[in-house]
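Worksheet: one structure, shown below.
The values are calculated or read from the model by the stated rules, or taken from the named source; none is laboratory data. No experiment lies behind these values; they were computed from the predicted model shown. Glycine also receives a Cβ, built like all others from the backbone with ideal geometry; neighbour counts cover every protein chain displayed.
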There are 2 protein chains.
Amino acid sequence: MSLAQSVLAGESLGLARLLTQVENDSPEGRLALNELFPHTGKAHLIGVTGAPGTGKSSLVNRIALQFRKPPMGNPRRVAVLAVDPSSPFTGGAVLGDRVRMRDLSGDPGVFIRSMATRGSLGGLAQATAAMAQVFDAAGFDVILIETVGAGQGEVDIARLAHTTLVVEAPGLGDEIQAIKAGILEIADILVVNKADLPGVERTEGALKNMLNLPHPVERIFLHHGQAMTAPAAGGEAASLWVPPIQRTVATSGTGVAELVEAIDRHAQYLRQSGDWGRRERARLEVELETLVRQTLVKRFRSNIPDTRYDEMVERLVRRELSPWEAAEALLG
Amino acid sequence: MSLAQSVLAGESLGLARLLTQVENDSPEGRLALNELFPHTGKAHLIGVTGAPGTGKSSLVNRIALQFRKPPMGNPRRVAVLAVDPSSPFTGGAVLGDRVRMRDLSGDPGVFIRSMATRGSLGGLAQATAAMAQVFDAAGFDVILIETVGAGQGEVDIARLAHTTLVVEAPGLGDEIQAIKAGILEIADILVVNKADLPGVERTEGALKNMLNLPHPVERIFLHHGQAMTAPAAGGEAASLWVPPIQRTVATSGTGVAELVEAIDRHAQYLRQSGDWGRRERARLEVELETLVRQTLVKRFRSNIPDTRYDEMVERLVRRELSPWEAAEALLG
């Protein structure tokens, strides 16, 4: 049985092994992805981002529990992919996998995986996309993609998701609030976690003010990235979703049921408006571009002898050529 | 007179205009960069990074003032390039240029420029490198490159610098400290700003513990990026620099003179050890790679009709091809 087949058969050992292959971008991993790809496209991808200190990890934990024990309907299978682009060298220590395990361990309907930065952010977004595909093909209904921080890397990763949660918390300081003006623009749902702390009204008020800032429609279309520069047919409907602000206390679970309801409402909205398909398309387009870029660079490097490359760097160091001139000389 | 010539002649209007061209990656900007490049390689590039709330901007302000009014020797010409990768859409608002201006305005020996994220992080690091070259050619002795945050983007930008300062502050919480374990590895000098606040000993203690963590030599070589996988001749000396921890209070200026002395000691160390040249080389190599990659992608895109691209995306959406298969089909 191939690795892909064992994933389709629901074997968690095969799943773990394939995720490692995919994270390492191995040839076996790529072959398995080709085999699995026709089985993807069903899962709800949910991005969760926000600054350190907002309690994202605990919240993701609670959301997963809520999907497992819904008040109505069947429990859904949940995968958690915790991505840490903040720690390029020693990454991984931040993600409290052990803490999560206390509540979720032993439940075969939950699979948790953390990934630290390897190489460039482009590579990280690519690996995240590929790992989400594996979970999707393996039949997980919900894939929670958690990222630490609020930079460009998180935005790239959030672009993968159907629904993006931006998590805030009271009392993180004004400067932090200001910085998030950018990340707010990718939010489908705003969460004020630690809502039992003083200052929750102030934080919520600041968020409301930011939501009332200019360009609601532009905001929506930016979410789709470069792939969506003009409104598609039915694009008008996209401006109808106003990101709700949900208060939660992850430590006690308060507000998490309502948050999951909001997530489900957003999924419903996406499907009804046609946005689900548009986001899917934009995501696949970005992924294709990334793969094309990577392959182009690899082919180029294998065609240029190292000595030729070193010679150009030498001439740069001596200021005989500018970087632009050297690039043109190498590309011929 | 060309834009490049007016920059070499020290005209600040020409400088401002060229910086805009370079930031926008215009053809005129590229031509001017080619013309200016032989005049670069003299400035001391200093990266300043750290989490929001550490008071980086005020500190950069103070460092600039100190270079302008040294206790001994001549004042140095200072350029400040404030880069904000945290705010991909509304970027720029965070950078308190107006605050800086109070102390530094009217001094022709200081030039301050802020830049918000445009497009990808790769593009941002590239634009930062190019703008630093413009300042270098324009005769600025010191170029302070300030970045907000502590993610991969900041690391990419820090790689441009000869000397990297990582700024901390007491009381930012344990989670934030942990995240910085990664960014610490690129630090040449550690700064505990806001050193008049309670908890300064604890922050300094945490930093000392982190510095005593494994692999001091590996740390140094990682700093050089992929370009330096093996120690070069004289590479042994590289492990002799132990990042000092400097306490400052940017609001009052306390400790800033000592910090600038440490910066100068680091520059001296880099020159004596040969590391200055090695960092320069690694930096130019990274820049060349980025330009080659960008050009490859541009050429590819102009050779493939949009209809062919759209057709591939369509087949992806229908799950007829996997992303890898589509990329291979496009690349032929």
* All but one of (1) within 21 Å of B:GLU287 (Cβ to Cβ); (2) modelled with pLDDT of 90 or more hold for A:GLY332, so report the exception by its number. => (2)
* Answer yes or no: is there a residue in region B:240-247 that is at pLDDT 80 or above, away from every other protein chain (no Cβ under 14 Å) and in a helix (DSSP H, G or I). => yes
* Structure fact -> Scanning region B:292-320 residue by residue, the ones that are in a loop (DSSP other than H, G, I, E, B) and in contact with a Phe, Trp or Tyr (Cβ under 8 Å, 6 or more places away or on another chain) total 1
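Each row is one residue, and each column tells you yes or no for (1) farther than 30 Å from B:ARG159 by Cβ; (2) basic (Lys, Arg).
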position: A:LEU31; (1), (2): yes, no
position: A:ILE63; (1), (2): yes, no
position: A:ARG68; (1), (2): yes, yes
position: A:PRO71; (1), (2): yes, no
position: A:ALA82; (1), (2): no, no
* To do: Those residues that are more than 14 Å from chain A (Cβ to nearest Cβ) and within 27 Å of A:TYR309 (Cα to Cα), I need them from region B:249-274; list them, please.
  => B:LEU270, B:ARG271, B:SER273
* Asked: From the set of residues in region B:1-28 that are of a type in the set (S, T, N, Q) and assigned to a loop (DSSP other than H, G, I, E, B), which is farthest from B:ILE186 (Cα to Cα)?
  -> B:SER2
* Just one of B:GLU23, B:GLU35, B:GLU28 is more than 11 Å from every other protein chain (Cβ to nearest Cβ), among the charged types (D, E, K, R) and in contact with a Leu (Cβ under 9 Å, 6 or more places away or on another chain); which is it? -> B:GLU28
* Asked: Does A:ALA282 satisfy the criteria of being part of a helix (DSSP H, G or I) and more than 14 Å from every other protein chain (Cβ to nearest Cβ)?
  -> no
* Quick one: is B:LEU3 aliphatic (A, V, I, L, M), more than 18 Å from the chain's Cα centre (by Cα) and within 14 Å of another protein chain (Cβ to nearest Cβ)? -> no
* Answer residue from region B:29-62, given it is part of a strand (DSSP E or B) and modelled with pLDDT of 95 or more and is nearest to B:ALA195 (Cα to Cα) among those -> B:ILE46
* Asked: Going by the conditions given, is A:LEU330 closer than 14 Å to B:GLU289 by Cβ, facing another protein chain (nearest Cβ under 10 Å) and free of Cβ contacts under 8 Å to residues at least 40 places away in the same chain?
  -> yes
* Matching residues in region B:129-141 - criterion: being buried (at least 22 other Cβ atoms within 10 Å of the Cβ) and assigned to a helix (DSSP H, G or I) -> B:ALA129, B:ALA130, B:MET131, B:ALA132, B:GLN133, B:VAL134, B:PHE135, B:ALA137
* Would you call A:VAL260 more than 17 Å from the chain's Cα centre (by Cα), touching a residue at least 12 places away in the same chain (Cβ under 8 Å) and part of a helix (DSSP H, G or I)? -> yes
